[in-house]
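Report on the structure given below.
A short reminder: the numbers here are calculations on the coordinates, not readings from a lab. Predicted, not measured: the structure shown is a model, and the values here were computed from it. Virtual Cβ from ideal backbone geometry, glycine too; neighbours counted across all protein chains shown.
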Amino acid sequence: MNKEVEEFIQGKSFAVAGVSRNKQKFGSAIYTDLKERGYKVFAVNPGMTDFDGSPCYPNVGAINDKVDGVIVCVPPAKGEQVVKDTAAAGIKKIWLQQGADSPALVKQAQDLGLSTVSGKCVLMYMEPVKSIHSFHRFIARLFGQL
């Protein structure tokens, strides 16, 4: 596991940018899964005021609580603002979920001094790893890609 992944998964509270009313979408599924695992999670979507009975914030900076890292589950074009908001909020760790990352977005995050993870699924690393993600983790470890 690389340093950025190891540092990110040490956190206990995460903002998930990209939750939606469709609970099958990555952002919603990640939020729900992390909450079930006992993490403190904050939903972020500027078009929603609540998600699954909890407040939904318009941006990362609106969260009035400690956030250890931000998980980005929006297209790269929308991710640019999330990256800026993360840095402006003083949060130092960001995970660009698969499909939300791009070389330009990774560079932007790194240029802003953020510890950046990209090209990986956060659910393969957040303990306890379960279901299909434990199988994916096994395969990644087998091929030296964890």
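For Lys23, Lys3, which order do you get if you count the other beta carbons within 10 Å of each Cβ and list the fewest first?
Listed from fewest to most nearby Cβ atoms, that is Lys3, Lys23.
List the relative contact order of the range 3-142 as a percent without decimals, with contacts defined as Cα pairs under 8 Å and 6+ residues apart.
Contact order relative to length: 21 percent.
Using a basic spin-label model with each label point 7 Å from the Cα along Cα→Cβ, how many nm lie between Glu127 and Lys3?
Taking the simple label geometry, Glu127 and Lys3 are separated by 2.2 nm.
Applying 1/(1 + (r/R0)^6) with R0 = 22 Å to the Cβ-Cβ distance of Glu80 and Gln110, what FRET efficiency is obtained, to the nearest 0.05?
The value I calculate is 0.95.
Here are labelled values, (1) 10, 38, 36, 14, 3, 0; (2) 12, 46, 35, 7, 0; (3) 11, 42, 34, 12, 0, and one is the computed P(r) over Cα pairs in 10 Å bins from 0, in percent for what I pasted. Which one?
(2)
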